[in-house]
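The values are calculated or read from the model by the stated rules, or taken from the named source; none is laboratory data. Every value quoted in this text rests on a predicted model; they were computed, and no experiment measured them. Glycine also receives a Cβ, built like all others from the backbone with ideal geometry; neighbour counts cover every protein chain displayed. For accessibility, only protein heavy atoms count, side chains too; no ligands or nucleic acids. Shrake-Rupley method; radii C 1.70, N 1.55, O 1.52, S 1.80 Å.
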Amino acid sequence: NKSIKAGDYTEKFSNEELQYQLIRNADEMRNSINQMNSKFLESFQELTQIKEFNNGQEKIQEILQTHYRNLNVLSENIIISLVDILQISMGAIYLAKTENNESYFELIVSYAYNESRYQKRSFKLGESLVGACAAEQRTIHLKKIPENYLSIMSGLGFSSPKSILIVPLIFESKVLGVIELGSISDFDEYKIRFSETSSTKIASTISLTQNDII
């Protein structure tokens, strides 16, 4: 092919050599097509995720733009929306409170939690994963769940999540609360990024609602 392109028609091939070259060219073409298909599929998946991300953020924004006079109602709508958008199994919101000059985080609302009477509903700063998330002001992604840490309640009974994501609600460098999410599958980068982006808007809205109530 190179010789013919250069104008040299003297190159000769035996049948075996020609067959080898044709097979090699066909393999190279097939590999190129497969690579193009892979890149196209990756681009399509990225565009789909971007569209889903933006649509999800719009839904969260609609919830947050509603005027609330009750933190429990606001928190309930937030956690239901997150569970639905992320297609996960469970979720809860803990809000910061202070008593005797000591901060703690109390469970305000939960979705699909098995809330036994022995389960703690509040944690001090640094206590358990919820308190640790608040103290360190960073997201905690846990894949190995401690035994009996959480149970998912459904119509089929109880089961344990395979992965937990705990995100702090920070507004003006202050932790207002913590969101805890559980899933029967692992949280991928998309869901983690979505939760962290949402947490900034949620924290701002919670702060405004608290001020309105005051």
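A single member of Gln45, Gln87 is on the phi > 0 side of the Ramachandran plot, within 26 Å of the chain's Cα centre (by Cα), open to solvent by 90 Å² or more (accessible area, probe 1.4 Å) and without any contact (Cβ under 8 Å) to a residue 60 or more places away in the chain, and it is Gln87.
In region 75-90, which residues are β-branched (Val, Ile, Thr) and assigned to a helix (DSSP H, G or I)?
If the condition is that a residue be β-branched (Val, Ile, Thr) and assigned to a helix (DSSP H, G or I), then Ile78, Ile79, Ile80, Val83, Ile85 are the ones that fit.
Residues in region 51-74 that are touching a residue at least 40 places away in the same chain (Cβ under 8 Å), assigned to a helix (DSSP H, G or I) and in contact with a Leu (Cβ under 9 Å, 6 or more places away or on another chain): 5 in all. Picking from residues in region 48-71 that are farther than 29 Å from Lys162 by Cβ and among the polar types (S, T, N, Q), the one that is most open to solvent (accessible area, probe 1.4 Å) is Gln65. Remark: pairs (first residue in region 185-199, without any contact (Cβ under 8 Å) to a residue 60 or more places away in the chain; second residue basic (Lys, Arg) and assigned to a loop (DSSP other than H, G, I, E, B); Cβ separation under 7 Å; 6+ apart in sequence or on different chains) = Ser185/Lys162; Asp186/Lys143; Asp186/Lys162. Return the residue satisfying two criteria in turn: it lies in region 72-81 and is aliphatic (A, V, I, L, M) and out of contact with any helix residue (DSSP H, G or I) (no Cβ under 7 Å at 6 or more places or on another chain), and of such residues it is least open to solvent (accessible area, probe 1.4 Å). By that ranking, first place goes to Ile79. Looking across region 13-44, the residues that are among the polar types (S, T, N, Q), at pLDDT below 85 and closer than 28 Å to Ser3 by Cα come down to Ser14, Asn15, Gln19, Gln21, Asn25.
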